[in-house]
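Written below as structure tokens is the structure these notes are about.
Read-outs: derived from the displayed coordinates by stated rules, not from any lab. Given the structure is predicted, the values throughout are model-derived calculations rather than measurements. Glycine also receives a Cβ, built like all others from the backbone with ideal geometry; neighbour counts cover every protein chain displayed.
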Protein chains: 2
Amino acid sequence: MYDTIIVGGGPAGLTAALYALRAKKKIVMIERMIPGGQVAKTLTVENYPGFESISGFDLANKMYEQVTKLGLEIIYSDILEYDITGSIKKIKTHNGTFEAKTILLCLGAFAVQLEVENEKKFIGKGISYCATCDGNFFKDKTVAVVGGGSSSIEDTLYLYDIAKKIYIINRRDKFICEEEPLNKIKTLSNSDNSKIEIILNSVITSLNGDDKLENITVKNKNDNTLKELKIDGLFVTIGRKPDTELLKNTLNLDDIGYILTDENMKTNIDGVFAAGDVRHKTLRQIVTACADGAIASMSINNYISTLK
Amino acid sequence: MYDTIIVGGGPAGLTAALYALRAKKKIVMIERMIPGGQVAKTLTVENYPGFESISGFDLANKMYEQVTKLGLEIIYSDILEYDITGSIKKIKTHNGTFEAKTILLCLGAFAVQLEVENEKKFIGKGISYCATCDGNFFKDKTVAVVGGGSSSIEDTLYLYDIAKKIYIINRRDKFICEEEPLNKIKTLSNSDNSKIEIILNSVITSLNGDDKLENITVKNKNDNTLKELKIDGLFVTIGRKPDTELLKNTLNLDDIGYILTDENMKTNIDGVFAAGDVRHKTLRQIVTACADGAIASMSINNYISTLK
């Protein structure tokens with residue numbers, strides 16, 4: 001019987017493990033692919049405090065090594081079944097069923113992809129799914145933001161002080177987001193020589209370039225005209241999704257599927273906690289995922305100390 | 001006119017600066033002593049993800065260098081006066097008055113000291129103010145926890161799986177804390193050969209040792225008897241206090257003086273944000289302070305983007 005099963009080995013899970021192992025708890029981590037989560041697949045990280053510039057793979061590996069040296073037990077498997085409503089939590093994997101007093105869900109969230117040819121090829125080479133993470137690499141460059149929600153508007157405003165020129169490409173004829181930032185965008189795009197150009201009713205039909213993204217083709221859905229835009233960077237903001245399908249009948253989730261927790265990372269079920277990108281929250285960054293993991297671990301310690 | 005004045009250069013302030021500078025905001029940091037805050041004075045840090053073991057000074061310095069290279073402007077001064085209720089925020093220092101659209105308060109919090117001779121000498125050499133930070137250095141050792149509140153009880157439970165023996169020294173005849181963890185402590189301390197020994201109505205009168213803390217003298221306040229305890233570590237948990245005296249008539253604070261914010265780090269005053277240990281929150285760690293700073297910076301960006 002473990003104190004905690006940590007599901008997912010990204011920054012949230014690894015930090016929770018760090019805190020749990022230092023507190024001498026008996027834990028096991030179940031990871032589907034490789035430790036580090038999305039970070040491990042990130043080309044360069046420059047916004048994690050303490051590292052001026054580091055590859056995501058190296059940062060993930062440092063975090064992983066740190067907990068490995070404390071004796072982390074890790075199982076590589078998908079989760080086949082969650083049975084977590086009772087006082088003993090059970091998780092079924094390809095390597096058997098694990099039992100614990102508590103569960104910490106660090107399942108992450110994945111950016112929805114455009115599903116246009118060459119997209120994978122240009123990730124980290126012009127295509128990004130996070131302006132806050134990668135915007136700084138496009139100082140005085142021309143970029144496009146694709147999407148029609150509040151992330152697209154926020155990312156455009158974020159990029160406004162950085163980039164030379166920003167196209168916003170929206171497949172609809174309007175944006176679905178709060179009024180105030182949208183008004184700001186409209187005012188900015190209506191000024192002379194505006195940095196911002198809004199392209200409505202349009203979709204990206206091709207991504208072109210040799211080693212890196214150089215231009216995109218945009219199709220107007222009303223008249224089917226094609227336009228080519230020369231850009232250095234494309235920020236894809238058409239949504240993110242957590243992988244919480246197996247939990248939807250058990251846990252309180254928001255409309256998108258993110259797990260609802262309180263500020264101590266507790267879900268609606270006793271002994272079940274969630275941390276990192278999978279959680280309903282405002283900002284999804286490496287350092288905020290780590291903080292979630294630390295807080296979750298302390299909450300779990302406190303929870304366990306009250307068990308009979 | 002700055003976009004933001006960041007008051008305090010600990011992990012929260014430095015991370016906020018990192019995010020603000022990457023977003024090309026115009027910021028200035030005002031720091032009283034040296035960047036890094038309490039971290040810079042911490043001997044060894046082993047619970048910040050990405051660094052297996054690093055001196056607090058080095059970690060603080062890495063975070064500071066990272067923002068220096070992005071062009072951080074830093075002013076060394078105490079704050080003489082806050083004028084932050086209007087739309088233009090003004091902060092008076094020894095180096096003049098600074099004006100900005102927003103203020104981020106990263107003032108930290110300081111552990112209340114015992115005020116017993118030799119206390120400063122043994123900090124990091126047996127005396128600690130944070131079990132979560134330093135508990136792991138006392139595996140299978142004898143430690144004492146001094147204090148009568150919930151931190152003392154939580155720290156004792158935290159140390160229970162780590163240390164060989166734990167004395168809890170409380171100047172009162174009872175603990176002021178939640179019932180459940182306290183019951184757990186009572187049950188544990190009543191068992192045979194218990195690791196935990198509760199010493200009530202007692203204060204520490206001397207801290208003894210050569211290079212490091214070796215034993216303490218404890219006086220019973222009822223009968224004035226003295227007892228000597230041989231210990232390897234002493235965890236002082238008699239309270240923490242933020243330095244928010246100048247803000248008490250302006251901001252909503254909790255009973256101790258911590259600043260109340262929402263989860264996006266907003267205070268009760270428009271354009272005034274708080275992050276890190278100064279904030280009313282559950283867990284005060286380096287990584288949670290950093291996360292606060294990142295979130296505050298994003299909230300500030302969003303706030304500025306809605307200004308006329």
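How big is chain A on each of its three principal axes, counting only the C-alpha atoms and giving the largest first in Å?
That works out to 69, 36, 33 Å along the principal axes.
Under the rule of at least 5 residues apart or a separate chain, name every residue whose amide H is placed under 5 Å from the amide H of B:Ile196.
Residues meeting the criterion, in which the H sits 1.01 Å from N, are B:Ile166.
If amide hydrogens are placed 1.01 Å from N in the peptide plane, which non-local residues have theirs closer than 5 Å to the one on B:Thr261?
B:His280
What are the ³J(HN,Hα) values, in whole Hz, obtained from phi via the Karplus relation 6.51 cos²θ - 1.76 cosθ + 1.60 with θ = phi - 60°, for each residue of region A:200-206 in sequence order, with x given for Gly and Pro?
9, 6, 9, 10, 7, 9, 8
May I ask for the Rg/Rh ratio of region A:202-244, computed from Cα atoms with Rh as the Kirkwood radius, given to two decimals?
Computed over Cα atoms, the ratio is 1.09.
Using only the Cα atoms of region A:1-75, construct the convex hull and provide its projected area averaged over every direction, in square nanometres to one decimal.
Seen from a random direction, the Cα hull of region A:1-75 projects 4.8 nm² on average.
With a sphere of radius 9 Å drawn around the Cβ of B:Gly37, what net charge do the other residues whose Cβ falls strictly inside it have (Lys, Arg +1; Asp, Glu -1)?
So the environment of B:Gly37 carries a net charge of -1.
Closest approach to the A-B rotation axis by any Cβ of A: residue and distance in angstrom?
Of all Cβ atoms in A, the one closest to the rotation axis yields A:Ala291, 2.
For B:Glu228, place a label point 7 Å from Cα along the Cα-to-Cβ direction in every copy; what are the distances to the other copies, in nm, shortest first?
For B:Glu228, the inter-copy label distances come out at 8.8 nm.
With all distinct Cα pairs included, what does the Kirkwood hydrodynamic radius of region B:133-203 come out to in Å, to one decimal, could you say?
On the way: mean 1/r = 0.0832 Å⁻¹.
That comes to 12.0 Å for region B:133-203.
From the phi of every residue in region A:217-223, what ³J(HN,Hα) in whole Hz does the Karplus formula 6.51 cos²θ - 1.76 cosθ + 1.60 yield, where θ is phi - 60° and glycine or proline is x?
Result, ordered by residue: 9, 10, 10, 7, 6, 7, 10 Hz.
Note the angle between two axes, namely the Cα long axis of helix A:150-160 and the longest principal axis of the Cα atoms of chain A, as a number of degrees from 0 to 90, rounded to the nearest 10.
The helix A:150-160 is inclined about 60 degrees to chain A.
Summing Lys, Arg as +1 and Asp, Glu as -1, what charge do residues with Cβ under 14 Å from the Cβ of A:Leu59 carry, A:Leu59 excluded? Present the calculation step by step, with values, prior to reporting the outcome.
Details: positive: A:Lys41, A:Lys62, B:Lys62; negative: A:Glu46, A:Glu52, A:Asp58, A:Glu65, B:Glu52.
With Lys, Arg at +1 and Asp, Glu at -1, the neighbours total -2.
At what distance in angstrom do the alpha carbon centres of region A:125-184 and region B:177-200 lie from each other?
The two parts, judged by their Cα centres, are 56 Å apart.
Defining a contact as two alpha carbons under 8 Å apart and six or more residues distant in sequence, what relative contact order in percent does region A:113-236 show?
It comes to 32 percent, rounded to a whole number.
Got a sec? Which residues in region A:209-223 would a label at A:Glu197 touch, if it sits 7 Å along Cα→Cβ and we count backbone N under 14 Å?
Counting only backbone N, you get A:215-220.
In nm, one decimal, shortest first: how far is the label point of B:Asp210 (7 Å from Cα along Cα to beta carbon) from the matching points in the other copies?
When each copy's label point is compared with this one, the spacings are 7.1 nm.
How many Å³ per residue does the convex hull of the Cα positions in the protein assembly as shown occupy? Please list the in-between numbers first.
Working: hull volume 97.9 nm³, N = 616.
With only Cα atoms used, the protein assembly as shown gives 159 Å³ per residue.
Tell me which residues come under 5 Å, amide H to amide H, from B:Ser77 once H is placed; ignore anything under 5 positions away on its chain.
B:Glu31, B:Arg32
Any idea which of A:Gly148, A:Asn170, A:Gly209 is furthest toward the positive side of the dipole for region A:113-236, if Lys and Arg beta-carbons carry +1 and Asp and Glu beta-carbons -1?
Going by the Cα projections, it comes out as A:Gly209.
Farthest toward the dipole's positive end in region B:113-236, which of B:Asn222, B:Ile196, B:Leu114, given Cβ charges of +1 (Lys, Arg) and -1 (Asp, Glu) about the Cα centre?
Highest projection toward the positive end goes to B:Asn222.
Quick one: net charge around A:Asn222, please, counting Lys, Arg +1 and Asp, Glu -1 for every other residue with C-beta under 12 Å from its C-beta.
+2
Every other copy gets compared here: list the nm distances from the A:Ile88 label point (7 Å along Cα to Cβ) to its counterparts, shortest first, one decimal.
6.9
Taking the Cα centre of region B:113-236 as origin, work out the dipole magnitude from +1 charges on Lys and Arg Cβ and -1 charges on Asp and Glu Cβ, in debye rounded to 20.
Rounded to the nearest 20 debye, it is 180 debye.
With θ set to phi - 60° and the Karplus curve 6.51 cos²θ - 1.76 cosθ + 1.60, what are the ³J(HN,Hα) couplings of region A:22-29 in order, to the nearest whole Hz, using x for Gly and Pro?
5, 8, 6, 7, 8, 10, 9, 10
Rg to Rh ratio, region B:113-236, alpha-carbon atoms and Kirkwood radius?
For region B:113-236, the value is 0.93.
Given +1 on the Cβ of Lys and Arg, -1 on the Cβ of Asp and Glu, and no further charges, what dipole in debye does region A:30-162 carry about its Cα centre, rounded to the nearest 20?
320
Only sites in a loop by DSSP and with at most 12 other Cβ atoms within 10 Å count here; which trypsin sites (Lys or Arg not before Pro) in region B:17-118 make the cut?
B:Lys69
How far apart, in nm, are the 7 Å Cα→Cβ label points at A:Lys164 and A:Asn268?
Spacing of the two 7 Å Cα→Cβ label points: 5.2 nm.
Within region A:163-219, which trypsin sites (Lys or Arg not before Pro) sit in a loop by DSSP and count at most 13 neighbouring Cβ atoms inside 10 Å?
A:Lys164, A:Arg172, A:Lys174, A:Lys212
Need one number for region B:10-152: average projected area of the convex hull over its C-alpha atoms, nm².
On the way: hull surface 45.5 nm².
Average of the hull's projected areas for region B:10-152 equals 11.4 nm².
Would you mind working out the magnitude of the charge dipole of the protein assembly as shown relative to its Cα centre, with +1 at each Lys and Arg C-beta and -1 at each Asp and Glu C-beta, to the nearest 20 Debye?
Magnitude of the dipole: close to 100 debye.
Are there cysteines in chain A with no other Cys C-beta under 4.7 Å, and if so, which?
For chain A, the answer is A:Cys106, A:Cys177, A:Cys290, because their Cβ atoms have no other cysteine Cβ under 4.7 Å.
What percent do you get for the relative contact order of chain B when only Cα pairs under 8 Å and 6+ apart count?
This gives 21 percent for chain B.
Considering only DSSP beta bridges with both partners in the protein assembly as shown, what is the antiparallel share in %, to the nearest 5?
The antiparallel fraction comes to roughly 45 percent.
Would you kindly work out the equivalent ellipsoid of region B:176-308 from its C-alpha gyration tensor and give its semi-axes, the square roots of five times the eigenvalues, largest first in whole Å? Provide the component values of the computation, followed by the final result.
Numbers: eigenvalues 361, 59, 49 Å².
Here the semi-axes work out to 42, 17, 16 Å.
By what distance, in whole Å, do the Cα atoms of region A:102-157 stretch along each of the three principal axes, largest value first?
Here the spans come out as 49, 28, 23 Å, largest first.
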